[in-house]
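In what follows, a structure is listed as structure tokens, so that the remarks can point back to it.
The values are calculated or read from the model by the stated rules, or taken from the named source; none is laboratory data. Quick caveat, the model's predicted, so the values are computed rather than measured. Glycine also receives a Cβ, built like all others from the backbone with ideal geometry; neighbour counts cover every protein chain displayed.
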Amino acid sequence: MHEMIRIIGIDPGLRRTGWGVIETLGNSLRFVASGTVTSDGDADLASRLCQLYDGLSEIIHSHQPHEAAVEQTFVNKDAVATLKLGQARGIAMLVPARAGLRVAEYAPNAVKKAVIGVGHGEKQQIHMMLKVLMPKATFTGNDAADALAIAICHAHNRQGLSGRLAKLVG
């Protein structure tokens with residue numbers, strides 16, 4: 001017997017952190033909500049991190065997910081930008097963890113593979129598949145769409161894990 005699980009996917013960024021909430025029941029996925037938490041680019045780093053923390057905290061409080069998934073950071077050539085992204089990612093992991101949620105992490109290629117079937121693809125392919133998988137899904141911009149894709153990736157991975165665990169136990 002399956003139970004409904006609500007998952008929040010988080011695509012971390014210092015300027016814009018995307019979030020998407022889905023529900024999974026067995027093999028079915030249902031869109032709940034998505035959006036973007038933004039920080040003030042003119043504010044100091046600590047204030048911006050607080051803005052992300054407060055925004056994500058409100059989303060988790062409003063939507064009451066059971067589990068969270070966060071995209072792993074890629075390292076780019078700009079060390080300062082990578083460090084700032086890592087700090088934003090820390091907030092993206094801290095908020096659900098403080099709320100008592102298990103937080104899974106997925107590489108960008110794993111997310112794309114779960115949604116479009118291959119590890120490399122364009123944003124438009126992800127957007128198209130999100131609409132196929134969840135016709136009622138709405139998202140403004142790439143950050144919210146990526147966050148929904150991260151949540152879907154987690155739904156697929158947790159399903160595979162629970163299936164493997166059932167075979168081990170049974």
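Of the conditions (1) closer than 20 Å to residue 93 by Cβ; (2) without any contact (Cβ under 8 Å) to a residue 60 or more places away in the chain, residue 4 fails just one. Which one is it?
Going through the list (1) closer than 20 Å to residue 93 by Cβ; (2) without any contact (Cβ under 8 Å) to a residue 60 or more places away in the chain, residue 4 breaks only (1).
Examine the range 59-67 for a residue that is among the acidic types (Asp, Glu) and under 28 Å from residue 138 (Cβ atoms), and state whether such a residue exists. Walk me through how you get there before you give the answer.
First, pick out the residues of the range 59-67 that are among the acidic types (Asp, Glu): 67.
With the extra rule that they be under 28 Å from residue 138 (Cβ atoms), the set shrinks to 67.
Scanning the range 59-67 turns up at least one residue that is among the acidic types (Asp, Glu) and under 28 Å from residue 138 (Cβ atoms).
Hey, can you tell me all the residues within the range 108-125 that are more than 17 Å from residue 7 (Cα to Cα) and either within 12 Å of the chain's Cα centre (by Cα) or among the β-branched types (Val, Ile, Thr) (or both)?
Result: 108, 116, 118.
Sort through 49, 45, 56 and tell me the only one that's surrounded by fewer than 19 Cβ atoms within 10 Å (Cβ to Cβ) and aliphatic (A, V, I, L, M).
Details: 49 fails: surrounded by fewer than 19 Cβ atoms within 10 Å (Cβ to Cβ); 56 fails: surrounded by fewer than 19 Cβ atoms within 10 Å (Cβ to Cβ).
Selected residue: 45, the only one of 49, 45, 56 that is surrounded by fewer than 19 Cβ atoms within 10 Å (Cβ to Cβ) and aliphatic (A, V, I, L, M).
Restricted to the range 65-97, and to residues that are surrounded by 13 or more Cβ atoms within 10 Å (Cβ to Cβ), outside any helix (DSSP H, G or I) and not hydroxyl-bearing (Ser, Thr, Tyr), which residue is modelled with the lowest pLDDT?
By that ranking, first place goes to 72.
In the range 24-64, which residues are out of contact with any helix residue (DSSP H, G or I) (no Cβ under 7 Å at 6 or more places or on another chain) and part of a strand (DSSP E or B)?
Those that are out of contact with any helix residue (DSSP H, G or I) (no Cβ under 7 Å at 6 or more places or on another chain) and part of a strand (DSSP E or B): 25, 28, 30, 31, 38.
Scan the range 1-31 for residues that are surrounded by fewer than 19 Cβ atoms within 10 Å (Cβ to Cβ) and aliphatic (A, V, I, L, M) and report the count.
Going through the range 1-31 one residue at a time, the tally reaches 4.
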